[in-house]
Amino acid sequence: MHRYVIVNAFSDRVLAGNPVAVFFDCDDLEPEIMQRIAAEMRLSESTFVSCPRSGGDAHVRIFTPVNELGFAGHPLLGTALALSLRLKKTTLNIETAKGIFPFTLENARLRSDLPVAHVDMLQPSPIIQPYAQAEALMLALGVSHSTLPIEQYDVGPRHVFVGITDIQTLAALNPDQRALAQHENMAALCFCRDGNYWRLRMFSPAYGVVEDAATGSAAGPLALHLARHGWSDFDQPLEIWQGIEIGHPSKMYGMAHRDGGTYRLYAGGQAIQVAQGTYAI
């Protein structure tokens, strides 16, 4: 028997944000079983917490319904809240396949029926490249051009950014999912400015996600993409909204810091625990 909780990441309300299932005490589970559980949960990601291996507070593995990820934003943000409740700590070092990452919880209300906190995280340094299949990607998305160069940011999942001209076009996107599925190991991130904040939509058949409500691992890379091309400033926090079109509005913050030729990426947002249970395995 394994206890689990459901946490909505990047929201402080039920029926909003992006839910993640967090399973505890998973040292006895084989990866194949974790993958099957994640497929059965039918969430964009599920996480599996086991004892630390490298001096952190816990070791976490992340699974989509179809594959394992080395790092992902909303699953780890939600897991940080769940671990904070369990370990009674507001600073955590979480071990992942991409390394150990620090998390900080602020303005926490951890003793309520619906525990909630703001969570900040450091994200992996990305590998940045032009996306070789840009024309085919735009065709699959149904767009004629991108406002910025189409580039990929590999932070564990591989994010490919496509700039959309206006909010109406972004909201109306209806990608050809079969054509998009030909793009392996990637998520298409379509972005557009909306006044003082940014809007984002993510499509990834490759990761088993038709559309994601909140792609936390893309928040820092989006801030970096905009700063590299002069559309924003380094060290400027960006407010990013996602999931509006699918009825799960999610608010994220992303920031990029430049230190010579290297980058440090940050993301943050609210998280709320909304359910708990026991899985009979």
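Values in this text are rule-based calculations from the coordinates and carry no lab data. Model, not experiment: these values are computed from the prediction. Positions of Cβ are generated from backbone atoms using ideal geometry, with glycine treated the same way; all protein chains shown enter the neighbour counts.
Averaging the inverse of every distinct alpha carbon separation and then flipping it gives the Kirkwood radius. What is it for the range 1-106, in angstrom units? It would help to have the intermediate numbers written out before the result.
Details: mean 1/r = 0.0736 Å⁻¹.
About 13.6 Å, per the Kirkwood formula over Cα pairs.
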Among Ala132, Ile167, Ala117, pick out the residue whose Cα is farthest towards the positive end of the charge dipole of the range 106-168, where Lys and Arg carry +1 and Asp and Glu carry -1 on C-beta, about the Cα centre.
-> Ala117
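Dipole magnitude of the chain about its Cα centre, charges +1 at Lys/Arg Cβ and -1 at Asp/Glu Cβ only, in debye to the nearest 20? Write out the running numbers ahead of the final one.
Values: 21 positive and 28 negative charges, 93 e Å.
Its charge dipole is roughly 440 debye.
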Inter-part gap, Cα centre of the range 156-180 to Cα centre of the range 73-135, in whole angstrom, is 25 Å
Euclidean distance between Cα centres, the range 196-221 to the range 1-72, Å = 18 Å
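Please work out whether the range 118-217 counts as rounded, prolate or oblate from its C-alpha gyration tensor, where a ≥ b ≥ c are the square roots of the eigenvalues and a/c under 1.5 means rounded, while otherwise a/b larger than b/c means prolate and anything else oblate?
rounded
Which value in deg cm²/dmol, rounded to the nearest 500, describes the helix-derived mean residue ellipticity at 222 nm for the chain, given -39,500 (n - 2.57) per DSSP H run of n ≥ 4 and division by the residue count? Show your work: numbers first, answer last.
On the way: 6 runs with 54 residues, N = 281.
Rounded to the nearest 500, it is -5500 deg cm²/dmol.
Using a/c under 1.5 as the rounded threshold, could you call the range 184-232 rounded, prolate or oblate? The axes a ≥ b ≥ c are square roots of the C-alpha gyration tensor eigenvalues, and prolate needs a/b larger than b/c, oblate otherwise. All intermediate terms of the calculation are to be shown ahead of the outcome.
Working: a/c = 2.65, a/b = 1.76, b/c = 1.51.
Prolate is the answer for the range 184-232, as a/c is 1.5 or above and a/b outweighs b/c.
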Determine the gain in length on full extension of the stretch Ile167-Ala136; use 0.36 nm per residue of separation and subtract their C-alpha separation, reporting nm with one decimal.
-> 8.9 nm
Gyration tensor verdict on the chain (Cα atoms; rounded if a/c is under 1.5, prolate if a/b is larger than b/c, oblate otherwise) = prolate
If Lys and Arg each add +1 and Asp and Glu each add -1, what is the summed charge of the other residues whose beta carbon sits under 13 Å from the beta carbon of Val210?
-> -1
For the range 108-118, in residue order, the Karplus 3J(HN,Hα) values (coefficients 6.51, -1.76, 1.60; θ = phi - 60°; whole Hz; Gly and Pro = x) are 7, 10, 8, 9, 7, 5, 10, x, 9, 7, 8
Of Ile246, Phe24, Cys192, whose Cα points farthest to the positive end of the dipole of the chain (charges on the beta-carbon: +1 Lys, Arg; -1 Asp, Glu; origin at the Cα centre)?
-> Phe24
Name the residues whose placed amide hydrogens come within less than 5 Å of the amide hydrogen of Gln270, ignoring near sequence neighbours (fewer than 5 apart) on the same chain.
-> Phe10, Ser11, Val119
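Using Cα pairs under 8 angstrom and six or more residues apart, how large is the relative contact order of the range 127-266, in percent? If you can, show how the numbers build up before the last one.
Details: 280 pairs, mean separation 23.4, N = 140.
Once normalised by length, the contact order is 17 percent.
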Under the Karplus curve 6.51 cos²θ - 1.76 cosθ + 1.60, θ = phi - 60°, whole-Hz ³J(HN,Hα) for the range 51-60, x wherever Gly or Pro sits | 5, x, 10, 9, x, x, 8, 6, 9, 10
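Report the extension gain between Glu32 and Tyr279 in nm, rounded to one decimal, defined as 0.36 nm multiplied by the number of residues separating them, less their alpha carbon distance. Could the numbers behind the result be given before it?
Working: separation 247, 0.36 × 247 = 88.92 nm, distance 1.58 nm.
Roughly 87.3 nm would be gained on extension.
Compute the signed sum of charges (Lys and Arg +1, Asp and Glu -1) over the other residues within less than 13 Å, Cβ to Cβ, of Ser54.
Numbers: positive: Arg53, Lys98; negative: Asp57, Glu95.
So the environment of Ser54 carries a net charge of 0.
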Note, ³J(HN,Hα) from phi for the range 206-213, Karplus 6.51, -1.76, 1.60, rounded to Hz, x at Gly and Pro = 4, 9, x, 10, 5, 8, 9, 7
Given H placed on each backbone N at 1.01 Å, which residues far from Tyr279 in sequence or on other chains put an amide H within less than 5 Å of it?
-> His2, Arg3, Tyr4
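If you take every residue apart from Tyr131 with its C-beta less than 14 Å away from the C-beta of Tyr131, what net charge results, scoring Lys and Arg +1 and Asp and Glu -1?
Working: positive: Arg158; negative: Glu135, Glu151, Asp154, Glu184.
Taking every Cβ under 14 Å from that of Tyr131, the sum is -3.
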Cα→Cβ-extended label distance, 7 Å offset, between Arg13 and His257, nm = 3.3 nm
